[in-house]
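Inspection log for the structure reproduced underneath, given as structure tokens.
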Amino acid sequence: MSSLSRELVFLILQFLEEEKFKESVHRLEQESGFFFNMKYFEEKVHAGEWDEVEKYLSGFTKVDDNRYSMKIFFEIRKQKYLEALDRQDKAKGVEILVNDLKVFSTFNEDLYKEITQLLTLGNFRENEQLSKYGDTKTARSIMLIELKKLIEANPLFREKLVFPTLKSSRLRTLINQSLPHLKFVVPVGYFIEMADISIACITITIHQLCKNPRPNPDIKTLFADHSCSPPNGALAPSPVNLPVAAVAKPTAYPSLGAHGPFPPSAAAANANALAGWMANAAASSSVQAAVVTASSLPVPPNQVSMLKRPVTPPAALGMVEYQSSEHEQLMKRLRTAQSVEEVTYPTVRQQASWSMDDLPRNVAVTMHQGSTVTSMDFHPSHQTLLLVGTSNGEITLWEVAMREKFVSQPFKIWDISDCSMTFQASVGKDAPISVSRVTWSPDGNFLGAAFTKRLIHLYAYSGPNDLRQHLEIDAHVGGVNDLAFAHPNKQPCIVTCGDDKLIKNVTSNPPLLNLQFIFSTAVDGKIKAWLYDNMGSRVDYDAPGHWCTTMLYSADGSRLFSCGTSKDGDSFLVEWNESEGAIKRKYSGFRKKSAGVVQFDTTQNHFLAVGEESQIKFWDMDNNNLLTSIDADGGLPSLPRLRFNKEGNLLAVTTQDNGIKILANAAGSRSLRNVDAPSFEALRSQIEPVAVKVSSSSAIPNVNPVNCKVERSSPVRPPSILNGGDSVARGMDKPRTLDDVTDKPKPWQLSEIVDPVQCRLVTMPDSTDAASKVARLLYTNSGVGILALGSNGTQKLWKWGRSEQNPSGKATANVVPQHWQPNSGLVMINDVSGVNLEEAVPCIALSKNDSYVMSASGGKVSLFNMMTFKVMTTFMPPPPASTFLAFHPQDNNIIAIGMEDSTIHIYNVRVDEVKSKLKGHQKRITGLAFSTNLNILVSSGADAQLCVWSIDVWEKRKSVPIQLPAGKAPNGDTRVQFHSDQIRLLVSHETQLAIYDASKMDRIRQWVPQDVLSAPISYAAYSCNSQLVYASFCDGNVGVFDADSLRLRCRIAPSVYLSQSVLNGSQAVYPLAVAVHPQDPNQFAIGLTDGSVKVIEPSDSEGKWGVAPPVDNGMLNGRTASSSATSNHASDQAQR
């Protein structure tokens, strides 16, 4: 429906309302879907007319449109269900449950089961969560408040909640004006069926009443009287709408995005430049004028926008135009800048002298990432801090000078309920999610990550190890190909683009006038430039090669370059003349056809670098010929990715073995030596993150799958210190230089925590019980609680709440949690009838949503409701007894159960049936771990064997014995846990820690107890980001190891968490279980043999557990590396 047709519907709605045709008004609102009458909706909800409520809603959304719609329908149907139960009408309740609520079981089966159980209660208020349910009237009012919030947040209702402001009786006025010009009179009731005729007659009249009527008028609205422009006004080119050709996405698709924010210089000076592009593009028949909207949904191509003021809700859901006099002036400049004489060319810049030594060509640092690097970006002010995204979805922060990973975040959906239903259904079934783009915000306070499936993650960063989840946005249908930050008008702005052919502003800010235009490129080689005026792209120009292209500005924003590859493998690197939209310079030096898309970067306003032929090639911007090329000492992939830091003295390059090399010039080498960790504290105190809000997205529809290219900024300068100080860099501690000091760097030392004041510690209340050891320990997946299973079969839960001391409500050592129990006073106790508790092996597993816990202590497996502590069901009675439990990662109804008789049962809870029984061990099962990447289950047993099973057909693939010390019998618990990359496997036994490559089951690292940690290992676990390994020992020590090298970085002595009387007592007390916080890699908990549970964190001043030992030419701490780390590795190689 055209824009004018929509406006006609609003005029008819106004007419029907004025004439008191109430039923007709609401029927037209519902059928057109243009205006949601919240007042009418409230009336029907208060009256409990649920069928009419859903019928009216159906004109605007369906139950499975998005998460908001699903919640709206669920709340309505749940209320209808509860009211039926409150009337004791069980038959009606069953009908609602089966016909209305069943649809939600697909997305949350546990919730559906809990709702079903309400039928068994005499009064549903007996359920703890519904205990405060009042009378029907109050319940409807409370629900309505929630519904209004959901409707206002739902993008499908955006701009449909406000009726446009119209003069009274506007339709009657237009009809009366039209009567003299109509050859026949059309009754109002037929306006919908004859909309085109009606609009034609009305617009003819509007135009004939115009003071300056001109041929072929452009009538933009029916809401206001029309006035043609004066005859001497310049006309904008007429939009031409052409179909978009579908282009297949290439297998190797580049990440297209600029380093930093939009350059002010370009934004201020490039209006004429864009006009030059428009002049050339207008002559082409390939011009496309799609409509830019504030919605995330496409707009029909014939939609016409209106300038100057907000328009009535248009055909696109959520379309609003933000115009101003300044914007109109910009449009005038664009329209009148078509003559060559008016085009402003950039002035010739004076180049500073340079030499080949300015290029970062020497390998200074080599780092192992562990998985394929897909995107990199240096921090805008901390020049040695590198952000890395990988093919397994992991986000890593490297301090390249220290060769240390500050933070590593494996991919995880923060809140699956906020994602679309389609995405929720596809999670875990399709290919693994990888990172397509990582980038810093201009001020370095935020970093963003775009993923190959729908999502972008925004983190707030304020210093080492301080990376906090800020926003998760379901941004696009399909992959998110690129994202970029900008701060025009000092307002944060995030722009994304994706496979759904949309470019979006995913912030709550309106279109920003200082952001003049955005460049985008598509897989058909089209370059487009978009203004924030909802008037479509201003450029539709062909890039060389007509395929994948990246665009970048020079650091000062004065020069624009593009680099790409054709389908035939020919690569192109060119500079553009922005004023004319033409190629200014084409660079030579590509020798052979490429199998993928080449990557490039710019630096120092002078150099270009491209990764090709396993080399880095450099060009001088002012010379067409290749300047030089290097191979970075070899080991580069055929098309390496690369990234300069802002100063251009460091260059990060990806390697073939999933690593990163840092190349440096002389200045870069000095910066690597000068880095001092405390400098981050200055950053932490002087830079405060700016809040970014998410709302409906600005979108540019109807374009090929694009990667958005935004203007690259002038160099980002650190903000000044408050109260008139110097810049951040000067506020930091002055780094040492080689000229300032002549002594050697301070040797690395093991961090030893021996006193409680050196860390933070909290003991769980009511936890100490000498008769019940802590056999198993878990954090809840939400991070707000800890669950302990005692050797007597009793489970205890501790929860943290929100408070001034703990605003996040997450587990912390700063606040004592509550020993939590339901109001009923129930306790979760396993079936222990006839069980010898001394010989029983307790086991436990928690569902992903923390709703249910499954555990056993030698008897039957019990399934508990975590809210009520009630036993939902029991199964698998002994013999044999269950010894280990693990949920299938993709189906909570499938459980792998390790048994005392050495078998593994694959059990389906829903049908109460053992689907498969796996045999391969000789003794009881002690560990189970799933890998979705490798599609395997790895089991470990008391026989010191590791078995690999295919989870497709449940067949054994391989069996590997762990390497025990000479004379050691194969017994004791062997446990397994996968690294976040789902490939590396941590294996722990009382005699060792080991890392295996699970794809081959090759052992790549091993550590054996020695020196200060010589006692047997009692438990070990990866930190949540898999960068640390926490290991407890039978003498009470806890070791913190670097996960990649298995080198000890910190020892925590038992004197930290045990009193002197306990240490001197006759009974040894030590940790039997270790649990790691699901979001904080530096927080862990230990469960002790005396039944107590402790949560331990580093001190606020330290923030982390020691520093990874440096490795330099095989030397560690000034001497040969630990024999356990080197000789074991060598022996592995010899064995292979």
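The values are calculated or read from the model by the stated rules, or taken from the named source; none is laboratory data. Note that the coordinates shown come from a computational prediction; the quantities given were computed from them, not determined experimentally. All Cβ positions, even for glycine, are placed from backbone atoms using ideal geometry, and neighbour counts span all protein chains on display. All accessible areas refer to the heavy atoms of the entire protein, side chains included, with ligands and DNA or RNA removed. Shrake-Rupley method; radii C 1.70, N 1.55, O 1.52, S 1.80 Å.
Details
- SER1055 meets the stated requirement of being open to solvent by 20 Å² or more (accessible area, probe 1.4 Å), over 18 Å from ASP973 (Cα atoms) and not acidic (Asp, Glu).
- Residue list for region 1-51, restricted to those being in a helix (DSSP H, G or I) and among the aromatic types (Phe, Trp, Tyr): PHE10, PHE15, TYR40, PHE41, TRP50
- Candidate set: region 491-509, residues that are open to solvent by less than 10 Å² (accessible area, probe 1.4 Å), assigned to a loop (DSSP other than H, G, I, E, B) and not polar (S, T, N, Q); chosen: the one modelled with the lowest pLDDT: VAL506
- If you go through region 752-808 and keep only what is part of a strand (DSSP E or B), among the hydroxyl-bearing types (Ser, Thr, Tyr) and either open to solvent by less than 30 Å² (accessible area, probe 1.4 Å) or closer than 15 Å to TRP820 by Cβ (or both), you end up with TYR779, THR794.
- Within region 484-503, residues that are closer than 17 Å to THR521 by Cα reach partners that are of a type in the set (Phe, Trp, Tyr) and at pLDDT below 75 with beta carbons closer than 8 Å, at six or more positions or on different chains, in the pairs ILE503/TRP530.
Yes/no per residue for (1) of a type in the set (Asp, Glu); (2) closer than 19 Å to SER58 by Cα; (3) surrounded by 19 or more Cβ atoms within 10 Å (Cβ to Cβ):
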residue	(1), (2), (3)
ASN127	no, no, no
THR136	no, no, no
ILE145	no, no, no
LYS148	no, yes, no
ILE151	no, yes, yes
ASN154	no, yes, yes
THR165	no, no, no
LEU171	no, no, yes
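- Listed by first and then second residue, the pairs linking a residue in region 50-64 that is closer than 16 Å to LEU28 by Cα and in contact (Cβ under 8 Å) with a residue 60 or more places away in the chain to a residue that is polar (S, T, N, Q) and not in a helix (DSSP H, G or I), with Cβ atoms under 9 Å apart and 6 or more places separating them unless they lie on different chains, are PHE60/ASN154; THR61/ASN154.
- Tally, over region 645-659, of residues that are closer than 21 Å to SER371 by Cα, of a type outside the set (S, T, N, Q) and open to solvent by less than 40 Å² (accessible area, probe 1.4 Å): 4
- There is at least one residue in region 591-598 that is open to solvent by 10 Å² or more (accessible area, probe 1.4 Å) and among the small types (Gly, Ala, Ser).
- Any hit, region 35-50, residues being more than 30 Å from ASP135 (Cα to Cα), out of contact with any His (no Cβ under 6 Å at 6 or more places or on another chain) and either open to solvent by 20 Å² or more (accessible area, probe 1.4 Å) or aliphatic (A, V, I, L, M) (or both): yes
- Check on PHE36, at pLDDT 90 or above and within 13 Å of LYS160 (Cα to Cα): yes
- Some residue of region 1013-1025 being free of Cβ contacts under 8 Å to residues at least 40 places away in the same chain, open to solvent by 20 Å² or more (accessible area, probe 1.4 Å) and small (Gly, Ala, Ser): yes
- All positions within region 75-95 that are part of a helix (DSSP H, G or I), within 20 Å of GLY134 (Cβ to Cβ) and free of Cβ contacts under 8 Å to residues at least 40 places away in the same chain: ARG77, LYS78, LYS80, TYR81, ALA84, LEU85, GLY93
- Condition met for MET421 (modelled with pLDDT of 80 or more, surrounded by fewer than 21 Cβ atoms within 10 Å (Cβ to Cβ) and out of contact with any strand residue (DSSP E or B) (no Cβ under 9 Å at 6 or more places or on another chain)): no
- Among the residues of this structure, ALA652 counts as one that is under 26 Å from LEU385 (Cα atoms), of a type in the set (A, V, I, L, M) and assigned to a strand (DSSP E or B).
- Given (1) over 23 Å from SER1023 (Cβ atoms); (2) in contact (Cβ under 8 Å) with a residue 40 or more places away in the chain; (3) within 30 Å of the chain's Cα centre (by Cα), index of the condition PRO807 fails: (2)
- Residues located in region 447-456, provided they are in contact with a Gly (Cβ under 7 Å, 6 or more places away or on another chain) and either of a type in the set (A, V, I, L, M, F, W, C) or within 25 Å of GLU404 (Cβ to Cβ) (or both): ALA449, PHE451, ILE456
- Filter result (under 31 Å from the mean Cα position of the chain (by Cα) and either under 19 Å from PRO756 (Cα atoms) or open to solvent by 40 Å² or more (accessible area, probe 1.4 Å) (or both)) within region 1058-1098: VAL1074, GLN1079, ASP1080, ASN1082, GLN1083, PHE1084, ALA1085, ILE1086, VAL1095, ILE1096, GLU1097, PRO1098
- Residue match in region 124-147 (condition: closer than 30 Å to LEU8 by Cα and of a type outside the set (Phe, Trp, Tyr)): yes
- The set of residues in region 1029-1046 being within 16 Å of GLY370 (Cβ to Cβ), open to solvent by 10 Å² or more (accessible area, probe 1.4 Å) and not small (Gly, Ala, Ser) consists of ASP1042, ASP1044.
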